[in-house]
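Below is one structure, written out as structure tokens, with a few remarks after it.
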Amino acid sequence: MDMKFSLALPREKLSIPVIRRVVGDALRGLGVTEDCVADVLVAASEACTNAVQHARGGAEFEVSGWVDGGTCVLRIEDWGCGPRPSEKQDESGDLVESGRGIRIMRALVDDLSIDAAPDRGTVVHLRKRLTWQDGALVRRLERQLARSAG
């Protein structure tokens, strides 16, 4: 089962709970386990907080996401000027400020990539393999499809 969404929100702290609600409700509605939902929400909150606090241009940021098969992908994009020249990068190419947010995201998702450029802003991609509750909507639909096909 595939699911897609896209939200453009003001670069304000009050936007972050909106993202958490939309993403959390969507994943729970599909039957994703609560531990997995919590991991995705914390990682998304960190990425959105960075967009709200550190983007130097643009009045809004965008969060788009999709569930494709058993993976959730989130894309958080701001249209700021990219990293400040004074910001340093660590060995992996990630920006170093306090660094905790990136380490948190990396610990909670299966794949994290950050693309930042002065002329494009910053795009964060988060990918997480989902774990499903036993009675998940996705599992019920898969069983129904298998019965009707066979």
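The values are calculated or read from the model by the stated rules, or taken from the named source; none is laboratory data. As the structure is a prediction and not an experimental result, all values here were calculated from the model. Cβ sites come from the backbone with ideal geometry, for glycine too, and all protein chains shown count toward neighbours.
Overview of results
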| quantity | calculated |
| --- | --- |
| Filtered residue count, the range 83-112, keeping only those that are touching a Lys or Arg at 6+ places or on another chain (Cβ under 9 Å), outside any loop (DSSP other than H, G, I, E, B) and at pLDDT 60 or above | 3 |
| Residue identified as touching a Ser or Thr at 6+ places or on another chain (Cβ under 8 Å) and surrounded by fewer than 20 Cβ atoms within 10 Å (Cβ to Cβ) among Arg75, Arg56 | Arg75 |
| Extreme residue, farthest from the chain's Cα centre (by Cα), among residues of the range 113-126 that are free of Cβ contacts under 8 Å to residues at least 40 places away in the same chain and assigned to a strand (DSSP E or B) | Ala117 |
